[in-house]
Amino acid sequence: MGKLTTPDWILKGGKKPTKKKEKGTFKIRKCPKCGSDEVQVVLTGEEGKGTGEWECKKCKWVGRNIVMDEVSEEEFMKYLDEKGEEVA
Ligand SMILES: [Zn+2]
């Protein structure tokens, strides 16, 4: 392992940069099998007890390894737009 490198903010005057709030990171969940976003958590019927599993309404896939797409706010809005009127 090499030497520790001096962080950039020290070299540039020693002011620690304030952490910018990450704006616009939205998550879109998708089925790993068919790519559909028609996924929902599997409900067990017992209140407050999730199985941690997801199911796809389209292809009936059930599992935990759901695909999470991280998108910007802009992309997310576009996604909602394309999804169209199906906002229940
Ligand atoms: Zn699916």
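The values are calculated or read from the model by the stated rules, or taken from the named source; none is laboratory data. In this text the structure is predicted, and so the values were computed from the model without any measurement. All Cβ positions, even for glycine, are placed from backbone atoms using ideal geometry, and neighbour counts span all protein chains on display. For accessibility, only protein heavy atoms count, side chains too; no ligands or nucleic acids. Shrake-Rupley method; radii C 1.70, N 1.55, O 1.52, S 1.80 Å.
Output the qualifying pairs, or none if there are none: Cβ atoms under 8 angstrom, residues six or more apart or on different chains, first residue in segment 50-75 and without any contact (Cβ under 8 Å) to a residue 24 or more places away in the chain, second residue in a loop (DSSP other than H, G, I, E, B) and open to solvent by 80 Å² or more (accessible area, probe 1.4 Å).
Listed pairs, sorted by first residue: G52/R64; E53/R64.
Can you find a residue that is more than 8 Å from the ligand (Cβ to nearest atom), within 19 Å of the chain's Cα centre (by Cα) and at pLDDT 90 or above anywhere in segment 43-53?
Yes, there is a match, as at least one residue in segment 43-53 is more than 8 Å from the ligand (Cβ to nearest atom), within 19 Å of the chain's Cα centre (by Cα) and at pLDDT 90 or above.
Inspect all residues belonging to segment 60-72 and state whether any of them is open to solvent by 60 Å² or more (accessible area, probe 1.4 Å), modelled with pLDDT under 90, more than 16 Å from the ligand (Cβ to nearest atom) and not aliphatic (A, V, I, L, M).
No, segment 60-72 has no match at all.
Among the residues of segment 10-41, write down those that are among the aliphatic types (A, V, I, L, M), modelled with pLDDT of 85 or more and more than 8 Å from the ligand (Cβ to nearest atom).
Scanning segment 10-41 gives I28, V41.
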